[in-house]
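Here it is, the structure, as structure tokens.
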Amino acid sequence: MKQLLKYAVPAFITLLLGCRDESLNPNKPWESGVHALGVFDGVAEAAKANFATNAKTFPLTGQDAAKIDFKIRWVTLDNKLTVSKIVVKVDMIESYTDSDGNPKIASLGGGGKVVKTIDSPAANRQWNNFSLTPADVYNLYKDVTVKYDKVNAVKVFENPARPRPAGARLRGPLVVAGKTISNADAFVVTWELTTTDGLVYKVWNEDSVCLDPTPVSQANSNCRLNFIVR
């Protein structure tokens, strides 16, 4: 009996493995992907300073003539995908005090509004240039409203509780008696990548892609750029 089991058990295991339906295997093989690196143009690359928060900012004055230059490049590690379009979005983050005196932060774009589209971008790991101006942001958000008093919807740039400085579309911090009452307008630039086969990439792993821990190289990545008015 023991001798019979010696041969029967391996045969049974072989039979089970031979009949396994691979389509039901939850461990799917890795698929190809693309990511990107966006930076502030004109900032030194050392130690990833060119995409550090507030590496460049919008000025408090002279906003009509102001702009921030950026560069972005898409990256594929296995060269199996090609990016055919890069969509750049910008979210405006407004800080204010509500009718009860509580500090509030509003994401006016709900994750971002499309501000630039780069069709037929340069090849893998090659830079594409674009710029953002205060006017770009103003035109995106001039009709957005917020219920600052929790009741009445008011256009962001027409809030009587905190008027915008003359000649400025975007606002710096509000400081009263040496105390910051509300922070400066802040902005988050993000992007979406479309490949030639119609795939859209807009969400990446936070630790391995968005906060890429690897040394500076052509394969580096991130998911956003942050800056303020200062």
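The values are calculated or read from the model by the stated rules, or taken from the named source; none is laboratory data. On a predicted model such as this, the values are computed, not experimentally measured, just so you know. Please note: Cβ atoms are built from the backbone with ideal geometry, for glycine as well, and neighbour counts cover all protein chains shown. Just so you know, the surface numbers come from the protein's heavy atoms only, side chains and all, with ligands and any DNA or RNA stripped out. Shrake-Rupley method; radii C 1.70, N 1.55, O 1.52, S 1.80 Å.
Report the percentage of all Cα-Cα pairs in region 103-230 whose separation exceeds 19 Å, rounded to a whole percent.
62
Please work out how much accessible surface Ser208 shows to a 1.4 Å probe, ignoring ligands, DNA and RNA, in Å² rounded to 10.
Its accessible surface works out to 70 Å², give or take rounding.
Follow-up. Which entries of Lys56/Lys113; Lys142/Lys202; Lys56/Lys150; Lys104/Lys202 have Cα-Cα distances beyond 32 Å here?
Distance filter (> 32 Å) returns Lys56/Lys150.
Based solely on its DSSP helices, what 222 nm [θ] is calculated for the chain when runs of n ≥ 4 H residues each add -39,500 (n - 2.57) and the sum is averaged over all residues, nearest 500 deg cm²/dmol?
-3500 deg cm²/dmol
Next question. Please list 3J(HN,Hα) in residue order for region 144-155, calculated via the Karplus relation 6.51 cos²θ - 1.76 cosθ + 1.60 where θ = phi - 60°; whole Hz, with x for glycine and proline.
6, 10, 9, 8, 5, 9, 6, 10, 9, 7, 10, 4
For the chain, report the accessible area per residue in Å² (1.4 Å probe, heavy atoms, rounded to an integer).
I get 58 Å² per residue for the chain.
To continue, here is another question. Quick one: putting +1 on the C-beta of Lys and Arg, -1 on the C-beta of Asp and Glu, what dipole do you get for the chain around its Cα centre, in Debye to the nearest 20?
200
Could I ask something else about it? Which FRET efficiency value, to the nearest 0.05, is calculated for Ser120 and Cys210 with the Förster distance at 30 angstrom and r the Cβ-Cβ distance?
With a Förster radius of 30 Å, E is 0.70.
Whole-Hz Karplus ³J(HN,Hα) for region 211-220, in order, using 6.51 cos²θ - 1.76 cosθ + 1.60 and θ = phi - 60°, x for Gly and Pro?
Once rounded to whole Hz, the list reads 10, 3, x, 7, x, 4, 7, 6, 9, 4.
A further question on this structure: Between Arg230 and residues 5 or more places away or on another chain, which pairs have amide H atoms under 5 Å apart, with H built 1.01 Å from N, and which residues are they?
Correct list: Phe58, Leu60.
Could you please state how large a percent of the accessible area of region 95-157 is carbon and sulfur, counting protein chains only and using a 1.4 Å probe?
Carbon plus sulfur share of accessible area: 44 percent.
Distance between Cα centroids, region 132-193 to region 199-220: provide it in whole Å.
Between the Cα centre of region 132-193 and that of region 199-220, the gap is 30 Å.
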